[in-house]
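Accompanying notes for the structure given below.
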Amino acid sequence: MILLKDAEALDAKDPLASFRTRFALPQNTIYLDGNSLGVLPKGVTERVAGTIAGEWGQDLIASWNKAGWISLPLAVGDMIAPLIGADAGDVVVGDSTSVNLFKCLSAAFAAQSARPGQNRKVIVSEAENFPTDNYIIQGAAKLLGAEIRYTAPGASPIPLIDGQTAVVLLTHVNYRTAAMYDMAAITKAAHDNGALMIWDLSHSTGAVSLNLKACDVDFAVGCSYKYLNGGPGAPAFTYAPKRIANTLTQPLSGWMGHKNPFAFVLDYEPGDAIKRFLCGTPQVLSLVALQAALALWRDVDMATLRAKSLSLTSLFMDLVAQECGRFGLQIVTPRDPARRGSHVSLRFEHGYQVMRAMADRGVVGDFRAPDLMRFGFTPLYISHAETFEAVQRLKAVLESVAWQNEKYQTRLAVT
Ligand SMILES: *Cc1c(COP(=O)(O)O)cnc(C)c1O
């Protein structure tokens, strides 16, 4: 039997406890949705306000040089690099994850198609991938003349990878179940078959330990508005090591990826390495917000972060089993710590209504159709005691059938 005092004992020896004060947490809310939109870190508001008032308001066009706006995509990329096990100069920030997936996939596929004596037309992904990943694959495949192979739910992608495979594109931590792939093993299987590997790290970055270099990954993309707390619609990152980036080009060959954008010459010539993955003008205000949000990560040890994440998700699953066993919830997140990211999903037929009722009771998670209630555990600002309290409120909602209230029966545009 797990009691509140057990959760409090875990908090008492939590090495990350002090990070909570570095966030502007909403009052009376247990926020379990940092995997969808991270909490506002302190200091971001002032930094963005300063950029607007001084750099934009006063210095105007001079700020591209004077305030370093032009180098923000690479400077912010260098702040993300240590969080994903990448070298400085191999990460760039701009555009969305969807757009960056298109760039990487097209670049990789074109390089593979050009290999003499080979017939590599296949993109391997999974039907359970995040929708935008599959939609981008489908759009790119039409343009590139590629064939798509999807793994069946729960099956390993490795048996699908063969000598016809051009690219393997997978999401490391599944957005629905939090199931996590073995990055090293799958990347190796892709390489053993002559394929290139692209990882989507949207649900991994800032949540689990990553070492792209050690895994010899070719490309990676990911969001910055989830566990990195960059703010709504914050720009995404793209990773490609120099051995890859310097040898291929991507088709969204905008001027910011040019070797010398301000030469204003007729023909495109790709910039060095990851710079060629830029396209148009950087999203300055969003990049400044993200840069300010990333400052606190300098003090975060990723192994410590991962240990706390697993402690929170384990506690939550144990408590759900203990307190809510009789309500017919199914825990779909892997129990094996090596196989899961930093959220927990519970299957329940009336999950949407339950999550709305929970939000009205101060516990914010989200819902993924058709029937998954999703709870994100952000180790920098969530405590074990809050985790305990969240399960108590879940139990109360289920016991009282508060979710049956009429006002929870129609779905809002964003779930
Ligand atoms: C959140 C998420 C995205 C979002 O892509 P956008 O282009 O930012 O909308 C993409 N892929 C995965 C796996 C995600 O979890």
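Couple of notes before you dig in:
- Per-pair calculated FRET efficiency, R0 = 45 Å: Gln118 and Glu406 via Cβ, rounded to 0.05: 0.15
- Residue of Leu290, Leu25, Leu346 that the Gaussian network model of the chain assigns the largest fluctuation, springs spanning Cα pairs under 10 Å: Leu25
- If the segment from Val414 to Thr29 were pulled out straight at 0.36 nm per residue, it would be longer than the present Cα-Cα gap by 136.7 nm.
- Taking other Cβ atoms within 10 Å as a rough exposure proxy, Thr187, Thr171, Thr281 sort from fewest to most as Thr281, Thr187, Thr171.
- Gain on full stretching of the segment that runs from Leu4 to Tyr268 - 0.36 nm per residue minus C-alpha separation: 88.8 nm
- For Asp200, neighbours were defined as the other residues whose beta-carbon sits under 15 Å from its Cβ, and their charges (Lys and Arg +1, Asp and Glu -1) total -2.
- For the range 48-299, a crude dipole built from +1 on the beta carbon of Lys and Arg and -1 on the beta carbon of Asp and Glu, taken about the Cα centre, is about 240 debye to the nearest 20.
- Computed from label points 7 Å out along Cα-Cβ, the spacing between Ser314 and Arg393 is 2.6 nm.
- With both labels modelled 7 Å from their Cα along Cα-to-Cβ, the Ala12 to Ala369 distance reads 4.8 nm.
- Separation of alpha-carbon centers, the range 295-331 and the range 159-185, rounded to whole Å: 24
- Footprinting exposure proxy ranking of His258, His350, His172, His203, fewest other C-beta atoms within 10 angstrom first, gives His350, His258, His172, His203.
- Between Glu349 and Ile52, the simple spin-label model (points 7 angstrom out along Cα→Cβ) gives 4.8 nm.
- Comparing Asn28, Asn246, Asn129 in a Gaussian network model of the chain where C-alpha atoms under 10 Å apart are linked, the largest mean-square fluctuation is found at Asn28.
- Stretched out straight at 0.36 nm per residue, the stretch from Thr304 to Ala338 would grow longer than its current Cα-Cα span by 10.7 nm.
- Per-pair calculated FRET efficiency, R0 = 41 Å: Ser209 and Thr247 via Cβ, rounded to 0.05: 0.90
- Sum of side-chain charges, Ala24 neighbourhood, beta-carbon under 12 Å (Lys, Arg +1; Asp, Glu -1): +2
- Selected from Gly117, Val91, Thr51, residue furthest toward positive end of dipole (the range 48-299; charges at beta carbon): Gly117
- Stokes-Einstein diffusion of the range 48-299 at 4 °C, 1.567 mPa s viscosity, Kirkwood radius from Cα pairs, rounded to a whole number: 70 µm²/s.
- Beta bridges from DSSP with both residues in the range 48-299: antiparallel share about 35 percent, rounded to the nearest 5.
- Axial C-alpha extent at least 20 Å, average Kyte-Doolittle at least -0.5 - helices from the chain (DSSP): 97-113, 302-324, 384-399
Values in this text are rule-based calculations from the coordinates and carry no lab data. Predicted model, so just to flag it, every value in this text is computed and none were measured. Cβ atoms come from the backbone with ideal geometry, glycine included; neighbour counts cover every protein chain shown.
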